Amino acid sequence: MSEDKPKRPRRPATELVHGGTLRSQFGEMSEAMFLTQGFAYDTAEAAEARFKGENPGFIYSRFSNPTVFMFEERIRLLEGAAAARSTASGMAAVTAALMCMLRAGDHVVAAKALFSSCLYVVEDLLPRFGVQSTLVDGTDLNQWRDAVQPNTRAFFLESPTNPTLEVIDIAAVAEIAHEAGALLIVDNVFATPIWQQPIKLGADVVVYSGTKHIDGQGRVLGGIILSADEAYVNDHLHNFLRQTGPTLSAFNAWVLLKGLETLDLRVRRQTETAARVADMMAAHPKVAKLIYPGRADHPQADIVKKQMGAGSTLIAFEVDGGKEAAYRVAGALEIVKISNNLGDAKSLITHPSTTTHQRLSEEARLGFGITQGLLRLSIGLEDPDDLIEDLQLALDQA
Ligand SMILES: *Cc1c(COP(=O)(O)O)cnc(C)c1O
């Protein structure tokens, strides 16, 4: 295999097309899909050297695989991370990122507005293994400071948050984490790597669900963990993944790798459309509240300006009339589909209180701002005018 090694530094959109490419002796143009479990060695001595780490190369696809490696390398180069490891899903990435470094007696501080499976990991799973957590309002820096204990090892947050799109000051939280001797782990799915690079803002570890914008066409699941320094991977993550096996398949890695080639183009187009849709909806009489990080009326607009290149592809909005009105809007849409996913080429709408956040009590939901009238909209690649028309007609019926 030969590696595509650039002589000059490359800009992100170029890295997304060429970064990390490995070519076999055939010189194939499109990255090859290596559907293989194992790899053959010329001699027993070569196998021994490979296992000792004296001879670089692949051993077994639970540990690493050329197609999977290309995917990891491409996104690592994009973000300027020291190391990257992929997983079978975004949740496997979140779980591994936390579990690999924590042990009984440790403590985690997390922003409470989390993707609901992330909330399960922090609130239900970690305590079973003796890791306690404190949930804070992520937008209140004093709450992060006050939650620190002598045994705090990790801070965890998403920004923008799901589904209410609050924005947390990543650089400020990173500083508090580092003063406490803890690592900051950021789930960067909603912002996408195009609009926000948490490592550059001081985060130590970044996780993605590749299932969302990275695939971007609603096909496969996958996850990725990026680390600002090699120690986290060498000391914790590498061995955890290798021995427990939440491995990304070569097929899914190939789909995600090809997804990266068009990520910049797609996310920019989806964001431009989202900004137009948000402005139309904010002015609509049936919309009681609209939250879009790209608008000047976003509650944390100053932080958005500091850490995000644009408002990204999601919009949250509330209609008066609770669940019935929200269902009427969702039901009246023709182009926008009802689905709990996001980041797809197809525009999607979800009613968080009865789907993604159904597991929570109504009281907890209201604490997160998830009312019965709240809907979350993921903007796709359709013609913006068709989407605006579809949403306008549906809102008229709220
Ligand atoms: C979807 C999502 C996840 C989980 O990803 P999967 O690939 O579905 O496991 C985690 N965090 C956020 C913010 C997500 O949107």
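The values are calculated or read from the model by the stated rules, or taken from the named source; none is laboratory data. The model shown is predicted, which means the values in this text are computed figures rather than measured ones. Every residue, glycine among them, receives a Cβ derived from its backbone with ideal geometry; neighbour counts consider all protein chains shown. Note: accessible area is taken over every heavy atom of the protein model, side chains too, but ligands, DNA and RNA are not part of it. Shrake-Rupley method; radii C 1.70, N 1.55, O 1.52, S 1.80 Å.
Answer with yes or no whether GLU363 is over 30 Å from GLU79 (Cβ atoms) and outside any loop (DSSP other than H, G, I, E, B). Write out each step before concluding.
Working: over 30 Å from GLU79 (Cβ atoms): yes; outside any loop (DSSP other than H, G, I, E, B): yes.
Criteria met by GLU363.
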Test result for GLN143, in contact with an Asp or Glu (Cβ under 6 Å, 6 or more places away or on another chain), closer than 17 Å to ALA111 by Cβ and either away from the ligand (no atom under 16 Å from the Cβ) or open to solvent by less than 10 Å² (accessible area, probe 1.4 Å) (or both): yes
Search result, residues across the range 10-24 that are of a type outside the set (Lys, Arg) and either in contact (Cβ under 8 Å) with a residue 24 or more places away in the chain or closer than 26 Å to GLY80 by Cβ (or both): PRO12, ALA13, THR14, GLU15, LEU16, VAL17, HIS18, GLY19, GLY20, THR21, LEU22
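Return the residues of the range 190-238 that are among the aliphatic types (A, V, I, L, M), in contact with a helix residue (DSSP H, G or I) (Cβ under 7 Å, 6 or more places away or on another chain) and within 13 Å of the ligand (Cβ to nearest atom); say none if nothing qualifies. Spell out how you get there, then give the answer.
Start the filter on the range 190-238 by keeping residues that are among the aliphatic types (A, V, I, L, M), which leaves 191, 194, 199, 201, 203, 205-207, 214, 220-221, 224-226, 228, 231, 233, 237.
Now restrict to residues that are in contact with a helix residue (DSSP H, G or I) (Cβ under 7 Å, 6 or more places away or on another chain): 194, 199, 201, 203, 205-207, 214, 220-221, 224-226, 228, 237.
Hits for the range 190-238 are VAL206, VAL207, ILE214, VAL220, LEU221, ILE224, ILE225.
Residues checked against (1) of a type in the set (A, V, I, L, M); (2) away from the ligand (no atom under 15 Å from the Cβ); (3) without any contact (Cβ under 8 Å) to a residue 12 or more places away in the chain:
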{"position": "GLU73", "(1), (2), (3)": "no, yes, no"}
{"position": "ALA93", "(1), (2), (3)": "yes, no, no"}
{"position": "LEU98", "(1), (2), (3)": "yes, no, no"}
{"position": "ARG103", "(1), (2), (3)": "no, yes, no"}
{"position": "HIS107", "(1), (2), (3)": "no, yes, no"}
{"position": "LYS112", "(1), (2), (3)": "no, no, no"}
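Which one is most open to solvent (accessible area, probe 1.4 Å) among residues in the range 33-60 that are touching a residue at least 40 places away in the same chain (Cβ under 8 Å) and in contact with a Phe, Trp or Tyr (Cβ under 8 Å, 6 or more places away or on another chain)? It would help to see each step written out before you state the result.
Start the filter on the range 33-60 by keeping residues that are touching a residue at least 40 places away in the same chain (Cβ under 8 Å), which leaves 33-36.
Add one more test, that the residue is in contact with a Phe, Trp or Tyr (Cβ under 8 Å, 6 or more places away or on another chain), and what stays is 33, 35.
Numbers: MET33: 67, LEU35: 126 Å².
The extreme case among them is LEU35.
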Selection from the range 89-115 of residues that are surrounded by fewer than 20 Cβ atoms within 10 Å (Cβ to Cβ) and closer than 23 Å to ASN341 by Cα: SER89, LYS112
Positions within the range 342-376 being within 20 Å of ASP320 (Cα to Cα), β-branched (Val, Ile, Thr), open to solvent by 10 Å² or more (accessible area, probe 1.4 Å) and within 16 Å of the ligand (Cβ to nearest atom), in sequence order: THR355
